[in-house]
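Where a number appears in this text, it was derived from the coordinates with a stated rule and is not lab data. Fair warning: this is a prediction, and the values are worked out from it, not measured in the lab. Cβ placement follows ideal geometry from the backbone for every residue including glycine, while neighbour counts extend to all protein chains displayed.
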Amino acid sequence: MGVVLTVATTGPIATTADNPDLPTSPEEIANAVYEAYLEGASVAHIHLRDEQQRPTADLGIARRTMDLIHERCPIHIQLSTGVGLSVPFEEREKLVELRPRMATLNPCTMSFGAGEFRNPPDGVRRLAARMRELDVKPELEVYDTGHLDACIRLYEEGLLATPLQFSIVLGVRGGASATPANLVMMVDRLPDDCVWQIIAIGRSNLELTAIGLALGGNARAGLEDTLYLRKGELSPGNTPLVKRTADLARAMDLSIASVDETEQILSLPAR
Ligand code: KMH
Ligand code: ZN
């Protein structure tokens, strides 16, 4: 089985003032996803923006973005329920009603840079239960070891189905920092038979993505995680980052999973 390559085109924080090639409209996001699909991405992690580039959980914008992506390619859509720090949890959780193939589930409230990322325990349980009802596969975003333990508790309560799908997020101020030692420690603590990837935020993105691949993980690339190709060089869009990650995997003699293979690897519920 190959490596599942996810593209994360936009994220919750950066704007075109930070990188002029950041896609923010539904059309721009759909075009960026399509280009990434052509480079081997089989999952699209999606954040939405309004006309002022602010993060939004607007269901109309989400529906339109999903439709535009589906018109272009059969990539699996993973909607972010993290959305952005300014959007209330109660709005964010409604995105799963659109029944994307996957959506993120962030298990804990945390400091996030200068802001606060609110994921209250009762809301997280409600969202996990709803995702299970709707057959939307959760991608569990864990930013530290306690988040991993919180996910195991959700599983023990019957709110998550196996195989669990984790993203180990390193490099957010408020979560564990982006070091090889932290990645190895988190991977060691993962439950058996889960699928996982590293999301390395910022300047260690390439190095930690390589270590994640070497440890048997999947990979994610895109402007959500780093705006730069290397120090001082902004990435001209998402495609160079995705292509570099696909090249990296191939250089390690790993194949890139197709959309169909990804459905099996992630055990996506049948539709
Ligand atoms: N950019 C990530 C570190 C999510 O998508 O659910 C946080 C995030 C969460 O965007
Ligand atoms: Zn995200």
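Roughly how big is the chain's charge dipole about its Cα centre, with Cβ charges of +1 (Lys, Arg) and -1 (Asp, Glu), in debye to the nearest 20?
So the magnitude is around 180 debye.
Calculate for the chain the 222 nm mean residue ellipticity that helices alone would give, adding -39,500 (n - 2.57) per DSSP H run of length 4 or more and normalising by residue count, nearest 500 deg cm²/dmol.
Only helices count here, giving -10500 deg cm²/dmol.
Can you list the HN-Hα couplings for segment 122-127, worked out from phi with the Karplus curve (6.51, -1.76, 1.60; θ = phi - 60°), rounded to whole Hz and with x for Gly and Pro?
So the J values, rounded to whole Hz, are 5, x, 4, 5, 4, 5.
For Asn218, which sequence-distant residues (separation of 5 or more, or a different chain) have an amide H within less than 5 Å of its own amide H, given hydrogens modelled in the peptide plane?
Trp196, Gln197, Ile198
Dipole of segment 5-265 (Lys/Arg Cβ +1, Asp/Glu Cβ -1, origin at the Cα centre): which of Cys194, Pro26, Gly158 lies farthest to the positive side?
The residue sitting farthest along the positive end of the dipole is Pro26.
Over segment 147-191, what number does the Rg to Rh ratio reach, with both radii from the alpha-carbon atoms and Rh per Kirkwood?
When Rh is taken as the Kirkwood radius, the ratio is 1.01.
Specify the inter-centroid distance of segment 10-25 and segment 209-271, based on alpha-carbon positions, in whole Å.
19
Out of Leu227, Leu68, Phe112, whose Cα points farthest toward the positive end of the dipole of the chain (charges: +1 Lys, Arg; -1 Asp, Glu; placed on Cβ)?
After comparing all options, I get Phe112.
Taking the Cα centre of segment 146-265 as origin, work out the dipole magnitude from +1 charges on Lys and Arg Cβ and -1 charges on Asp and Glu Cβ, in debye rounded to 20.
The calculation lands at about 680 debye.
Over the chain, what is the percentage of antiparallel beta bridges among all DSSP beta bridges, to the nearest 5?
About 20 percent, rounded to the nearest 5.
Most fluctuating residue of Gly202, Gly115, Gly82 in a GNM of the chain with Cα springs under 10 Å: which is it?
Gly115
Rounded, prolate or oblate, given the Cα gyration tensor of segment 1-139, with a/c below 1.5 counting as rounded?
oblate
Taking the radius of gyration and the Kirkwood hydrodynamic radius from Cα positions alone, what is the Rg/Rh ratio for the chain, to two decimal places?
On the Cα set of the chain, Rg over Rh gives 0.92.
Using the Cα centre as the reference, give the magnitude of the dipole from point charges on the C-beta atoms of segment 202-249 (Lys, Arg: +1; Asp, Glu: -1; all else neutral), rounded to the nearest 20 debye.
80
Calculate one ³J(HN,Hα) per residue across segment 182-190 by plugging θ = phi - 60° into the Karplus curve 6.51 cos²θ - 1.76 cosθ + 1.60, and present them in order as whole Hz with x for glycine and proline.
With the stated coefficients, segment 182-190 comes to 5, 5, 4, 5, 5, 4, 4, 8, 5 Hz.
Given H placed on each backbone N at 1.01 Å, which residues far from Phe112 in sequence or on other chains put an amide H within less than 5 Å of it?
Placed amide hydrogens put Phe117 under 5 Å from Phe112.
Would you please state the base-10 log of I(q)/I(0) at q = 0.13, 0.18, 0.20 1/Å for segment 43-109, with intensities from the Debye formula using one equal scatterer on every alpha carbon?
-0.32, -0.62, -0.76
Report the antiparallel proportion of the DSSP beta bridges in segment 131-271 as a percent, rounded to a multiple of 5.
15
Under a cut-off of 15 Å between alpha-carbon atoms, report the aspartates and glutamates in cross-link reach of Lys231, not counting same-chain residues fewer than 8 places apart.
Answer for Lys231, where 15 Å is the Cα cut-off: Asp18, Glu207, listed by chain and number.
Just to check I understand the Karplus step: with θ = phi - 60° and J = 6.51 cos²θ - 1.76 cosθ + 1.60, what whole-Hz values come out for segment 206-217, glycine and proline as x?
Once θ is set to phi - 60°, the couplings for segment 206-217 become 5, 4, 6, 5, 5, 5, x, 5, 5, 8, x, x Hz.
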